[in-house]
Amino acid sequence: QVQLVESGGGLVQPGGSLRLSCAASGRNFMLYVMGWYRQAPGKQRELVAGITGGLRTNYGASAKGRFTISRDNAKNPVYLQMNSLKPEDTGVYYCNVRSANQNYWGQGTQVTVSS
């Protein structure tokens, strides 16, 4: 059974940093794309960053230059380093792993950027 457990969220001041972690278990995710999505209050869930097993990355427009996604293929976790955080980064951050015909979500971790 696939399980995704996020951690690392919290309250941070504007300009601060957070590192999110997603512990993925249940199979080897080498062939899966792993990523982070964000859902702000009243808005649709949006891509923050994704990374393939070959370590190719892509970022949503708001994350470019500030966030870095990484993964450890030997141990399955995926990380999101978030720097220079802004109030508009506030939301629930979800870990996602997907293949051509499978799609899994974590329960989410709250990130609040406020002074």
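The values are calculated or read from the model by the stated rules, or taken from the named source; none is laboratory data. Because the structure is a prediction, the values reported are computed rather than measured. With ideal geometry, Cβ positions are generated from the backbone for all residues, glycine too; neighbour counts draw on all protein chains shown. With ligands, DNA and RNA removed, areas are computed over all heavy atoms of the protein, side chains included. Shrake-Rupley method; radii C 1.70, N 1.55, O 1.52, S 1.80 Å.
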- Note on the structure: Here the residues within region 2-32 that are surrounded by fewer than 19 Cβ atoms within 10 Å (Cβ to Cβ) and of a type in the set (A, V, I, L, M, F, W, C) are V2, V5, L11, V12, A23, M30, L31
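Okay, residues lined up against (1) farther than 21 Å from G9 by Cβ; (2) more than 13 Å from the chain's Cα centre (by Cα); (3) not in a strand (DSSP E or B):
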{"residue": "P41", "(1), (2), (3)": "no, yes, yes"}
{"residue": "A49", "(1), (2), (3)": "no, no, no"}
{"residue": "G53", "(1), (2), (3)": "yes, yes, yes"}
{"residue": "A61", "(1), (2), (3)": "yes, yes, yes"}
{"residue": "Y93", "(1), (2), (3)": "no, no, no"}
- Query: Which of the residues spanning region 74-98 are farther than 19 Å from S7 by Cβ, touching a residue at least 40 places away in the same chain (Cβ under 8 Å) and loosely packed, with under 15 Cβ neighbours inside 10 Å?
  - Reply: S84, K86, P87, E88
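Output the residues belonging to region 33-44 that are within 30 Å of S115 (Cβ to Cβ) and either surrounded by fewer than 16 Cβ atoms within 10 Å (Cβ to Cβ) or of a type in the set (A, V, I, L, M) (or both).
Q39, A40, P41, G42, K43, Q44
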- Item | Subset of region 99-115 that is free of Cβ contacts under 8 Å to residues at least 24 places away in the same chain and farther than 16 Å from E46 by Cα - its residue that is most open to solvent (accessible area, probe 1.4 Å) | N101
- Looking only at region 63-73, and only at residues there that are among the polar types (S, T, N, Q) and assigned to a strand (DSSP E or B), the one that is most open to solvent (accessible area, probe 1.4 Å): T68
- Filtering region 5-34 down to residues that are farther than 22 Å from G54 by Cα, more than 11 Å from the chain's Cα centre (by Cα) and not in a strand (DSSP E or B) yields Q13, P14, G15, G16, S17
- Query: So how many residues does region 48-62 have that are open to solvent by 60 Å² or more (accessible area, probe 1.4 Å) and touching a residue at least 12 places away in the same chain (Cβ under 8 Å)?
  - Reply: 2
